[in-house]
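What follows is a short report on a single structure.
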Amino acid sequence: MRDTLRNAMLAAVMTAVVVTPIFGLRLERAGIETVLEPHWSRVLWACALVFAVQLLRPWIARLFGRSGGSARERQASGWRLLELSPVQRQGLIVLLIALAMVWPFMAGRNAVDIATLAAIYIMLGLGLNIVVGFAGLLDLGFVGFYAVGAYTYAMLFHWAGWGFWQALPVAGAAAALFGFVLGFPVLRLRGDYLAIVTLGFGEIIRLLLINLTDWTGGPDGISSIPKPTVFGLEMARDASVEGATTFHQWLGLEFETVHMVIFLYLMALSLALITLWISNRLIRMPIGRAWEALREDEIACRSLGLNPMRIKLSAFTLGAMFAGFGGAFFAARQGIVSPESFTFIESALILAIVVLGGMGSQLGVIIAAVLITVLPELAREFAEYRMLMFGLVMILMMVWRPQGLLPMKRHHVEVPA
Amino acid sequence: MNELLPQLIQQLFNGLSLGAIYALIAIGYTMVYGIIGMINFAHGEIYMIGAYVGLVTLAAIGTQTGLPVAAVMGLMLLSAVLVTAVYGYVVEQVAYKPVRQSPRLVALISAIGMSIFLQNWVALGQGARDMAVPSLLPGALRFGEEGAFEIFVPYTRLLIIVVTVVLMVALTLYIRHSRMGRAQRACAQDMHMASLLGIDTNRVISFTFILGAVLAAVGGVLIALTVGKLNPYIGFLAGIKAFTAAVLGGIGSIPGAMLGGVLLGVVETFAAAYISSEYKDIVAFGLLVLILLVRPTGLLGKPEVEKV
């Protein structure tokens, strides 16, 4: 008891030291002088909170310790409820997809817009999941390939007048090529070294985009990128080419901007579904098995005659390709690309989606992507705390649940004891 | 007529002072990596917080009190060191200690989370805008004859070099001769064995984090006084570059971090001066990539053998 009290006191004092210079004494400009504006109440609150939590910690630990076992059991039984026969499972998936396709026609414009964003992140998350989750290669420069995809479409449009559908495969191929070329030398590095090198590459790509002003437009980027067409039909009030039919004229509808929003959503959804389907197939193929084997034990893999370089490179290239597709779609949706959209924090966000969802777990990645895009929208009044919370959640997840929300499940048979 | 040599000396001096800062931060990376084998991604943020604490202290004292400049600076450094020592300790306890036994990726992701958290922590508390730092040591030494290219040596940059050299010597002596330094070296060699021989490894790890944080904070205060402004995002780039320096010198090696820091600073300054200032970051990152590819163990590092 006395130890607890002493620890709590110590923690409170440390809180005071940590909080005071950042929150307690706010720097304000008064003319040319910089003055301090004290906010002692914040410091007091923080100290009181930490003191109370530390004081009650043994008690809380005991409380959780007792219910811990039962919670696990409850979870296990919960999983059993979710276990469906293959037919039921397929039915559920079809139902969910149908629902995802129908709801935007009834929902509001903003909701559909956010859902589009969520679909982009699902796609990026699934792409990175191949690299990080399946192959176990920590890639902190994923956003670089996203940028390559986006700029490929933007530059092809700007310099050659290409449309979205022509540019989409090129964007994916360009990003894959980048992944291949960059991956080739770096993939022999170990875990955290690889992470730092990929971070370096991501930053180099961004800095080049800023500095190659003649090609990329520099910090301003490239703007007025056209939206995708629907089978060659433009989705605009008036056709940009004289005499061409637009989408609403062809269908005989009134022109509404909502059509575009819904169309973009459906496209993002289908891109995400295609990514899901492909990665779902890949993991069951020999190459997918090899990724997982490599993640678990590289040395064992090598001794079994697998070529780690080729396996890693295939994961890296495929992941980059999906980022490239996502990037091209992003450019089309925003209508503008600039280096600002491709900072390290974006890489961290996509990584967080994979990690929160549970590395390797596709359902987990999808849920995490939806949570990470939708939650900040719901809690708009806490918008400024968003990144703070985001960092905190990353730490807490790693401390408490490093396997993620929905850890990857392997199919296995248990021998009854 | 001959402007080349003075210009070269000027750039060399600028590079050295920048490199000294990198070296101060890099030591924190390299010590932590040497002992627990993880990249302390939030280390750059500690440097940034050190700079903020220095500025807060300066604002608390005020510039018009008539205290000698040395005393004001001493107080700034002292408070920055004290506060960041606590930060270093708390960061380790909260984000790294619980994941010490987990795979490397888990620890790295936790560290990235901490880095994002601290950046936004300061951005929320002190605002995300640039803060001006009043200059305490204006003026500079000038060398060179009239009319020709003058070598310009600002006092603040001179101070950076002097303080860094003093700290490096002190650190080297400390690691070599003190009880704690010996314990640190023992832990870096074999953590498990060290714990069996009665070394409190938890204390050594905490101490390593504190020591790294303190050095970074000194760097932060000094650079804030030199550059004259700071914002909550300066830590990210400085952190990555210092990490580059640590890798360049050979991660895990303290003399390597010093050498790497100085080299990186000089290379970057020369790139800015003789190629283009826009490309200096690209040169730094390119150097990082290149070293990791060609010689992952760095200049002074020992090769690591992977064992089954």
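Couple of notes before you dig in:
- The residue that is modelled with the lowest pLDDT, counting only those in the range A:3-31 that are outside any helix (DSSP H, G or I) and at the interface with chain B (Cβ under 8 Å from one of its Cβ atoms), is A:Arg29.
- Top-ranked residue of the range B:45-75 - restricted to ones that are under 16 Å from B:Leu167 (Cβ atoms) and either within 17 Å of the chain's Cα centre (by Cα) or part of a loop (DSSP other than H, G, I, E, B) (or both), ranked as farthest from the other protein chains (Cβ to nearest Cβ): B:Tyr47
- In this entry, A:Arg295 passes the filter for residues that are of a type outside the set (Phe, Trp, Tyr) and over 30 Å from A:Phe164 (Cβ atoms).
- Every condition in (1) surrounded by fewer than 20 Cβ atoms within 10 Å (Cβ to Cβ); (2) modelled with pLDDT under 85; (3) closer than 16 Å to B:Pro103 by Cα is met by A:Ala379 except one, and the failing one is (3).
- Filtering B:Ala238, B:Ala183 for residues that are in a helix (DSSP H, G or I), surrounded by 18 or more Cβ atoms within 10 Å (Cβ to Cβ), in contact with an Asp or Glu (Cβ under 9 Å, 6 or more places away or on another chain) and hydrophobic (A, V, I, L, M, F, W, C) leaves a single hit, B:Ala183.
- From B:Ala246, B:Ala273, residue being away from chain A (no Cβ under 14 Å) and in contact (Cβ under 8 Å) with a residue 12 or more places away in the chain: B:Ala273
- Which listed residue, of B:Val153, B:Val204, B:Val162, is closer than 26 Å to B:Gly74 by Cβ and crowded, with 17+ Cβ neighbours inside 10 Å: B:Val153
- Qualifying positions in the range A:332-366 - closer than 16 Å to A:Leu269 by Cα, in contact with a helix residue (DSSP H, G or I) (Cβ under 6 Å, 6 or more places away or on another chain) and either hydrophobic (A, V, I, L, M, F, W, C) or outside the structural domain of A:Leu140 (by TED's automatic domain parsing) (or both): A:Ala332, A:Val365, A:Ile366
- Figure legend. Inter-residue proximity from the range B:100-126: first residues at negative phi, second residues of a type in the set (Lys, Arg), beta-carbon distance below 8 Å, spacing 6+ or different chains. Indicated pairs: B:Ala107/B:Arg100; B:Gly125/A:Arg26; B:Gln126/A:Arg26.
- When residues of the range A:169-195 are limited to those that are at pLDDT 90 or above and surrounded by fewer than 22 Cβ atoms within 10 Å (Cβ to Cβ), the one nearest to the other protein chains (Cβ to nearest Cβ): A:Val181
- Listed conditions (1) in a helix (DSSP H, G or I); (2) within 13 Å of another protein chain (Cβ to nearest Cβ) are all met by A:Ile366, apart from (2).
- Of the helices (runs of 4 or more DSSP H) lying entirely inside the range A:255-357, those containing at least 1 residues that are modelled with pLDDT of 90 or more and in contact with a Ser or Thr (Cβ under 9 Å, 6 or more places away or on another chain) span A:257-282, A:286-296, A:308-334, A:344-357.
- Within the range B:1-58, tally of residues that are in contact with a helix residue (DSSP H, G or I) (Cβ under 8 Å, 6 or more places away or on another chain), surrounded by fewer than 24 Cβ atoms within 10 Å (Cβ to Cβ) and among the charged types (D, E, K, R): 0
- Across the range B:286-308, not a single residue is classified as hydroxyl-bearing (Ser, Thr, Tyr), outside any loop (DSSP other than H, G, I, E, B), farther than 30 Å from B:Glu3 by Cβ and within 13 Å of chain A (Cβ to nearest Cβ).
The values are calculated or read from the model by the stated rules, or taken from the named source; none is laboratory data. In this text, all values refer to a predicted model and were calculated from it rather than measured experimentally. We place every Cβ from the backbone using ideal geometry, glycine too, and count neighbours over all the protein chains shown.
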